[in-house]
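What follows is a set of notes on a single structure, which appears directly below.
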2 protein chains.
Amino acid sequence: MNIKIEKLIKQFAKLPRVGTRAATRIVIGLLQDKTGRAESLANALLDASKSIHPCHQCGVLTDADFCEYCSDDARKNGQLCIVRDLSDVLVLEKSGVFHGRYHVLGAMLSGVNGITPEDLNVANISSRILNENISEIIFALPNTVEGKTTQQYIISSINNTNVSFSELASGVPLGGDLDYIDDGTLTLAFGGRKKL
Amino acid sequence: MNIKIEKLIKQFAKLPRVGTRAATRIVIGLLQDKTGRAESLANALLDASKSIHPCHQCGVLTDADFCEYCSDDARKNGQLCIVRDLSDVLVLEKSGVFHGRYHVLGAMLSGVNGITPEDLNVANISSRILNENISEIIFALPNTVEGKTTQQYIISSINNTNVSFSELASGVPLGGDLDYIDDGTLTLAFGGRKKL
């Protein structure tokens, strides 16, 4: 194979959820396209990589000083939802379940991967609680050991008695068939069973 | 969501085998990466889209006048394998089953999609047969109505009695369980059964 095409396929194959086979299809599709899709994609990517950066306050990617959520005063409702990354924000926004402000950590604490508190966007959480009158912090982190460790770390680092903490409920997903649910989820669902 | 990020996700989502969900992950992953992967990918794509073009002889993507297969005299063995696109060439090369020259059509004839012979890279097949002493044309096209139509069209357009035509065998794949094979394949496998 041509060396330039091979290099390009390797770069695409490193993207999340793209393997070598899909990367090959993508690259060939782009290079065979006669409408200039390859150039337009490359230029959009260059433009975004130059202008997009994390919001100074919450970490959501934006091309402004403050993101759309931090600059919206209607969202200053006392609730702060702590998530891992922007895709979690998008999922929550799509569901329409939350109307407060976000805080994006960027990663989860992980001894195995060498992720320490310095790698997380946590430095300004305490000042945000004061400046934005936060009364409730809602953790919407992955339901994993890393997620729980990160959550515990943040709770222990906040010395503010006026703020309450909550986390998303664990249990059987809507429409979830018990056959297909792992033991850990079942244990959590049993432990948290609701009296009817 | 930020409009620039949204546009970028839409462009990625249009790529083959990438949906909106994967595109979102890809774009966020690229923009959050601090090692400059977004820029390096964009630049590699720009470079390739400027320098890569179809080989003047066979249609394989290359950055030279003639591709690696057409410029390799050892491959001038009298066999010409006709395929739909470069990914088929890569699959055949990986298998090591073919050592001749290729001819990439770029598309299949399709009434539904309005693909006519003018859209196919077929104009120079007859001259290639003469110039490269082709004695056998092997069709390795998709085993679909479009593939068979395209094959028939090419055979009927070649007025050369010194060249023979063949196509890949149809049948049960290696390791294929009859339970999982469609009726069409079974019919072809029955019709082409081999005496033992």
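The values are calculated or read from the model by the stated rules, or taken from the named source; none is laboratory data. It should be emphasised that the depicted structure is a prediction, and the values quoted were computed from it without experimental measurement. Virtual Cβ from ideal backbone geometry, glycine too; neighbours counted across all protein chains shown. Keep in mind that these areas ignore ligands, DNA and RNA; they rest on the heavy atoms of the full protein, side chains included. Shrake-Rupley method; radii C 1.70, N 1.55, O 1.52, S 1.80 Å.
Pairs, please: C-beta under 8 Å, at least 6 apart or cross-chain, first residue free of Cβ contacts under 8 Å to residues at least 40 places away in the same chain and in segment B:170-182, second open to solvent by 80 Å² or more (accessible area, probe 1.4 Å) and in a loop (DSSP other than H, G, I, E, B)?
From segment B:170-182, the pairs are B:170/B:143.
What is the residue count in segment B:36-46 for residues that are more than 7 Å from chain A (Cβ to nearest Cβ) and of a type outside the set (Gly, Ala, Ser)?
Number of matching residues: 2.
Could you tell me whether any residue of segment B:10-23 is open to solvent by 60 Å² or more (accessible area, probe 1.4 Å), more than 7 Å from chain A (Cβ to nearest Cβ), hydroxyl-bearing (Ser, Thr, Tyr) and part of a loop (DSSP other than H, G, I, E, B)?
Just the residues of segment B:10-23 that are open to solvent by 60 Å² or more (accessible area, probe 1.4 Å), to begin with: B:10, B:14, B:17, B:20-21.
If we keep only those that are more than 7 Å from chain A (Cβ to nearest Cβ) as well, we get B:10, B:14, B:20-21.
Cutting the leftovers down to hydroxyl-bearing (Ser, Thr, Tyr) gives us B:20.
From what's left, part of a loop (DSSP other than H, G, I, E, B): none.
Checking segment B:10-23: not a single residue is open to solvent by 60 Å² or more (accessible area, probe 1.4 Å), more than 7 Å from chain A (Cβ to nearest Cβ), hydroxyl-bearing (Ser, Thr, Tyr) and part of a loop (DSSP other than H, G, I, E, B).
When you look at residue A:64, is it part of a loop (DSSP other than H, G, I, E, B) and at the interface with chain B (Cβ under 10 Å from one of its Cβ atoms), yes or no? Spell out the reasoning first.
Numbers: part of a loop (DSSP other than H, G, I, E, B): yes; at the interface with chain B (Cβ under 10 Å from one of its Cβ atoms): yes.
Answer is yes for this residue.
Consider residue B:70 carefully, then state whether it is buried (at least 22 other Cβ atoms within 10 Å of the Cβ), more than 9 Å from every other protein chain (Cβ to nearest Cβ), in contact (Cβ under 8 Å) with a residue 40 or more places away in the chain and not β-branched (Val, Ile, Thr).
no
For segment B:80-196, give me every one of the strands (runs of 3 or more DSSP E) that falls completely inside it and has 2 or more residues that are at pLDDT 90 or above, in contact with a strand residue (DSSP E or B) (Cβ under 9 Å, 6 or more places away or on another chain) and β-branched (Val, Ile, Thr).
Working: elements: B:101-104, B:136-139, B:164-167.
In segment B:80-196, the matching strands (runs of 3 or more DSSP E) lie at B:136-139.
Among (1) of a type in the set (D, E, K, R); (2) closer than 21 Å to residue A:22 by Cβ; (3) in contact with a strand residue (DSSP E or B) (Cβ under 9 Å, 6 or more places away or on another chain), where does residue B:63 come up short?
With respect to (1) of a type in the set (D, E, K, R); (2) closer than 21 Å to residue A:22 by Cβ; (3) in contact with a strand residue (DSSP E or B) (Cβ under 9 Å, 6 or more places away or on another chain), residue B:63 is out only on (2).
Applying the selection to segment B:24-35, what residues are more than 7 Å from every other protein chain (Cβ to nearest Cβ) and farther than 17 Å from residue A:63 by Cα?
Answer for segment B:24-35, where residues must be more than 7 Å from every other protein chain (Cβ to nearest Cβ) and farther than 17 Å from residue A:63 by Cα: just B:35.
Given the conditions (1) more than 9 Å from chain B (Cβ to nearest Cβ); (2) in contact (Cβ under 8 Å) with a residue 24 or more places away in the chain; (3) not small (Gly, Ala, Ser), report the number of the one that residue A:113 does not fulfil.
All conditions pass for residue A:113, except number (2).
From the list B:52, B:28, exactly one residue is touching a strand residue (DSSP E or B) at 6+ places or on another chain (Cβ under 8 Å) and under 30 Å from residue B:127 (Cα atoms). Which is it? Don't jump to the end; show me each part of the working.
Working: B:28 fails: under 30 Å from residue B:127 (Cα atoms).
Answer to the selection: B:52.
Give the number of residues within segment B:143-153 that are without any contact (Cβ under 8 Å) to a residue 12 or more places away in the chain and open to solvent by less than 90 Å² (accessible area, probe 1.4 Å). Let's see the steps before the verdict.
First, the residues of segment B:143-153 that are without any contact (Cβ under 8 Å) to a residue 12 or more places away in the chain: B:145, B:148, B:152.
Add one more test, that the residue is open to solvent by less than 90 Å² (accessible area, probe 1.4 Å), and what stays is B:148.
Residues flagged as without any contact (Cβ under 8 Å) to a residue 12 or more places away in the chain and open to solvent by less than 90 Å² (accessible area, probe 1.4 Å) within segment B:143-153 amount to 1.
Looking for something open to solvent by less than 20 Å² (accessible area, probe 1.4 Å), touching a helix residue (DSSP H, G or I) at 6+ places or on another chain (Cβ under 8 Å), within 13 Å of another protein chain (Cβ to nearest Cβ) and of a type in the set (Phe, Trp, Tyr) - is there at least one such residue anywhere in segment B:83-100?
First, the residues of segment B:83-100 that are open to solvent by less than 20 Å² (accessible area, probe 1.4 Å): B:83, B:85-87, B:89, B:98, B:100.
Cutting the leftovers down to touching a helix residue (DSSP H, G or I) at 6+ places or on another chain (Cβ under 8 Å) gives us B:83, B:85-87, B:98, B:100.
Filter again for within 13 Å of another protein chain (Cβ to nearest Cβ), leaving B:83, B:85-87.
Among the residues that remain, those that are also of a type in the set (Phe, Trp, Tyr) are: none.
Scanning segment B:83-100 turns up no residue that is open to solvent by less than 20 Å² (accessible area, probe 1.4 Å), touching a helix residue (DSSP H, G or I) at 6+ places or on another chain (Cβ under 8 Å), within 13 Å of another protein chain (Cβ to nearest Cβ) and of a type in the set (Phe, Trp, Tyr).
For a quick check of your reading of the model, give me the residue pairs whose first member lies in segment B:154-169 and is outside the structural domain of residue B:187 (by TED's automatic domain parsing), whose second is in a strand (DSSP E or B) and modelled with pLDDT of 95 or more, with beta-carbon atoms closer than 6 Å and at least 6 apart or on different chains.
none
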